[in-house]
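Take a look at the structure set out below.
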Amino acid sequence: MIKIYKTEESIVNEIEKVEDGCWINMITPTMEECISISERFDIDIADVRAALDDEESSRVDLEDGYTLILVDIPSIEIRHKQEAYTTIPLGIILADGVIITVCSEETPVLQAFEKRRVRDFSTKKKMRFVYQILYRATSVYQNYLRVIDKRRREIEERISDDTEDKDLIDLHELESNLVYFATSLRANGVVLDRLTRYERLKQFPEDREILEDVIVENKQAIEMTACLLYTSDAADD
C-alpha cells in the first residue's frame, strides 16, 4: 500500500499523485509498488525493500542521488495469546524532491503524522521531518517501556503471594522484549551519531536542535531499558 501526503500551510493532506515536496508512505508494499518507486526515483530495489527484512541492521547509506536511513522502531505483536513487544525496521529514503518511508506494518510512529498530531511538521523540510520521525520513535519506545515496567511490577506482586508457571513465563517474555529494545536502541544511537557528521545532509540550526533532542531521548530510553533489565536480573537472583 502506498499513500502520498503533502503539507500546505502546516496542514498535511493526502494527495493522489507524487509531487515535489511530498511524503510517500509505503506500508507492506507489493513488489510491483517497490519496483515502481525504485524506477521512478532511480533507487536500488534492495534499498527500497530493505525495511521489509527483519534481519536488516540500522544504518545510513549515502548513495548517488539518494540517502537511505534505516532504524529499528518498536512494535507490538501477539505472542502466547497476549501482547508482546519487539522491534521492526523502518526505512527512510531521501530522494529527489521527496521523502519515502517504508515499513512492514502500520505504526504509531508514522500514524502521528498522518493524523496531524505533530506540530511544525512539513513534508517539504526533509531533514526536520526525518528527525521528527526519529523523535516520535524514541517517544513510543519510552511509552512501551513504561508499560513493560508496570506489567513487571504487577507480576512480581503476584509472585510474592502465589507463584504460577504462567507468571514466570510472562516475566521471561518481558525480559526478552527488553533485550530486543536494548539492542535496537543502541543501533539507533549509532545512526544518530552518524547523522551529526554528514555535511551532505542539508540541515538548518533548528533541525540540529531536534536531532540533539532525539539523541538525548534515545540515550534516556537506553538507560530505562538497562535499568529494567538490571531490576529483572536482580529479581531472578
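When ligands, DNA and RNA are left out and all protein chains stay put, how many square angstrom of accessible area per residue does the chain have with a 1.4 Å probe?
Values: 12530 Å² over 237 residues.
Ligands and nucleic acids excluded, the result is 53 Å² per residue.
Take the solvent-accessible surface of the protein heavy atoms, probe 1.4 Å, and return the percent of it on the range 38-110 that carbon and sulfur atoms account for.
Here carbon and sulfur together make up 39 percent of the probe-accessible area.
So for each of 133-142, 183-192 I average, over its residues, the number of other beta carbons within 10 Å; can you give me the resulting order with the highest mean first?
Details: 133-142: 22.4, 183-192: 19.7.
Packing order, densest peptide first, comes out as 133-142, 183-192.
Assigning unit charges at the beta carbon (Lys, Arg +1; Asp, Glu -1) and nothing else, what dipole magnitude in debye, to the nearest 20, does the chain show about its Cα centre? Walk me through the numbers before you get to the answer.
Numbers: 31 positive and 51 negative charges, 194 e Å.
Computed about the Cα centre, the dipole is about 940 debye.
For a protection proxy built on the mean count of beta-carbon atoms within 10 angstrom, sort 176-182, 105-111, 151-157 highest first, please. List each step's numbers first, then the result.
Numbers: 176-182: 19.6, 105-111: 17.0, 151-157: 15.1.
Averaged packing, sorted descending, gives the order 176-182, 105-111, 151-157.
Can you spot the lysines whose alpha carbon is less than 24 Å from residue 150's alpha carbon? Ignore those fewer than 8 places along the same chain.
Correct list for residue 150: 81, 166, 219.
With a point put 7 Å past each Cα toward its Cβ, work out how far residue 61 is from residue 40 in nm, to one decimal.
It works out to 2.0 nm between the two label points.
Please give the length that would be gained between residue 146 and residue 120 if that part of the chain were fully extended, namely 0.36 nm times their separation in residues minus their C-alpha to C-alpha distance (nm, one decimal). Working shown, then result.
Working: separation 26, 0.36 × 26 = 9.36 nm, distance 2.69 nm.
Going from the current span to full extension adds 6.7 nm.
What is the dipole size for the range 30-161, taken about its Cα centre, with +1 at each Lys and Arg Cβ and -1 at each Asp and Glu Cβ, in debye to the nearest 20?
Working: 20 positive and 26 negative charges, 219 e Å.
Taking the Cα centre of the range 30-161 as origin, the dipole is about 1060 debye.
Mind giving me the nanometre distance, one decimal, between the label points for residue 229 and residue 183, set 7 Å out from Cα along Cα→Cβ?
Using points 7 Å along Cα→Cβ, the separation is 1.1 nm.
How much FRET efficiency would the formula 1/(1 + (r/R0)^6) give for residue 32 and residue 76, where r is the Cβ-Cβ distance and R0 is 30 Å, rounded to 0.05? Walk me through the numbers on the way to the answer.
Working: r = 29 Å, r/R0 = 0.95.
After rounding, the FRET efficiency stands at 0.55.
Can you compute the helix-only [θ] at 222 nm over the chain? Use -39500 (n - 2.57) per DSSP H run of at least 4 residues, normalise by all residues, nearest 500 deg cm²/dmol. Don't jump to the answer; show the numbers that get you there.
On the way: 6 runs with 121 residues, N = 237.
Rounded to the nearest 500, the figure is -17500 deg cm²/dmol.
Rg to Rh ratio, the chain, alpha-carbon atoms and Kirkwood radius? Working shown, then result.
Values: Rg = 19.2 Å, Rh = 18.9 Å.
Here Rg/Rh amounts to 1.02.
Starting from the 7 Å offset along Cα-to-Cβ, what nm value, one decimal, do you get for the label separation of residue 193 and residue 212?
1.9 nm
The values are calculated or read from the model by the stated rules, or taken from the named source; none is laboratory data. Keep in mind it's a predicted model, so treat the numbers as computed, not measured. Neighbour counts are summed over all protein chains in view; Cβ atoms, including those assigned to glycine, are modelled from backbone coordinates with ideal geometry. Note: accessible area is taken over every heavy atom of the protein model, side chains too, but ligands, DNA and RNA are not part of it. Shrake-Rupley method; radii C 1.70, N 1.55, O 1.52, S 1.80 Å.
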